[in-house]
Amino acid sequence: RKNVLAKDRTGAPADLEVLAATALVLLEAAHGDESYEWREHRAIVHGLERAFGLGSAEVRELLRRSEEIRPPRVPLSDITQVIRDRYDPAQCREVVRLLWQVVDADGFVEEWERSFAAHVARAVGIPNEEVVAARRDARAR
């Protein structure tokens, strides 16, 4: 699914706001448990490179900028609203799949992570049966 998030629902190039919103939900998932592990970081970097069609330097800069505005500076509801408004349902499902890749990256899913992923999926309009499929797809990669 290379470059699946590189354009918004209108076909225009995805701008910094939606790129940062996507990066932020992944960062929140990675920071939610006791430690931010290298496996989680690797899942975020590789996932964003592939989904956005960006190089590693561009992704590192995006993550640096996104770290500066992580919740509570910007409410999670604002972040998920940007994703829901700017991406079509298939793209929102891809964001949820990427989120599950991050959650599963350290090999252990805590209850908080499961709840966070479910909350984000609901907030971006993904029904539960599609969340299950997105998680299965994330594990298959």
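Values in this text are rule-based calculations from the coordinates and carry no lab data. Here the structure is a predicted model, which means the values were calculated and not measured. Quick reminder, even Gly has a Cβ in these numbers, built from the backbone with ideal geometry, and neighbours come from all protein chains shown.
Numbers for the structure displayed
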| item | result |
| --- | --- |
| Contour minus Cα-Cα distance for residue 136 and residue 74 (0.36 nm per residue) | 19.3 nm |
| Total charge dipole magnitude, the stretch 48-90, about the Cα centre, Cβ charges on Lys, Arg, Asp, Glu only, Debye to nearest 20 | 100 |
| Fully extended contour minus Cα-Cα distance, from residue 56 to residue 3, at 0.36 nm per residue | 17.7 nm |
| Contact order relative to length of the chain, as percent, for alpha carbon pairs under 8 angstrom and 6 or more apart | 32 |
| Span-rule helices in the chain, defined as complete DSSP H runs reaching 20 Å or more along the axis (Cα) with Kyte mean at least 0.5 | 16-31 |
| Assigned charges on the beta-carbon of Lys, Arg, Asp, Glu; the stretch 5-141 dipole about Cα centre (debye) | 360 |
| Ordering of 24-31, 61-68 by packing [mean C-beta count within 10 Å, highest first] | 24-31, 61-68 |
| Inter-site label distance for residue 34 and residue 108 at 7 Å from Cα along Cβ, in nm | 0.6 |
| Sites residue 128 and residue 88, calculated FRET efficiency, Cβ-Cβ separation with R0 25 Å, nearest 0.05 | 0.85 |
| Long-range HN-HN contacts of residue 7 with modeled amide H, under 5 Å | 14 |
